[in-house]
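Notes to accompany the following structure.
The values are calculated or read from the model by the stated rules, or taken from the named source; none is laboratory data. No experiment lies behind these values; they were computed from the predicted model shown. Glycine also receives a Cβ, built like all others from the backbone with ideal geometry; neighbour counts cover every protein chain displayed. Surface areas here come from the heavy atoms of the whole protein model, side chains and all, with no ligands, DNA or RNA. Shrake-Rupley method; radii C 1.70, N 1.55, O 1.52, S 1.80 Å.
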Amino acid sequence: MAKIPGPPSFDGLKRRMARHRAENSARRKDHFVRETYCLGLMDARAKAREWFDEYPKAAYWTEVESWRQLDGDQIEFTMRRLPSAD
């Protein structure tokens, strides 16, 4: 009967992930200001509206960069804008 090999080592994967993160952080110098929130649906809409009112899209390129719905009515989202307008 052949011996079943054990699970693979994750050392190589850990090194690749660390290298990928280091390379991407160097590329991430896009000068945008980002903030991530986790709020209820209505509070999330209010927070996004607050950002768009305070930092108009035309001047700051404000946008909801990413979002996802969590359990219940919780929304996790990231807002992005330029630090200042010309």
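Observations, loosely collected:
- Residues being touching a helix residue (DSSP H, G or I) at 6+ places or on another chain (Cβ under 6 Å), loosely packed, with under 14 Cβ neighbours inside 10 Å and either touching a residue at least 60 places away in the same chain (Cβ under 8 Å) or not hydrophobic (A, V, I, L, M, F, W, C) (or both) - total across the stretch 66-86: 1
- When Tyr55, Tyr37, Tyr60 are checked against the criterion of being touching a helix residue (DSSP H, G or I) at 6+ places or on another chain (Cβ under 6 Å) and not hydrophobic (A, V, I, L, M, F, W, C), a single residue qualifies: Tyr37.
- Candidates Phe32, Phe52, filtered to the one that is within 18 Å of Leu82 (Cα to Cα), touching a Ser or Thr at 6+ places or on another chain (Cβ under 7 Å) and of a type in the set (A, V, I, L, M, F, W, C): Phe52
- Count of the stretch 47-65 residues, restricted to those that are surrounded by 14 or more Cβ atoms within 10 Å (Cβ to Cβ), among the hydrophobic types (A, V, I, L, M, F, W, C) and more than 13 Å from Tyr37 (Cα to Cα), is 1.
- Just so you know, in the stretch 25-46 the residues that are at pLDDT below 95 and among the basic types (Lys, Arg) include one that is most open to solvent (accessible area, probe 1.4 Å), and it is Arg27.
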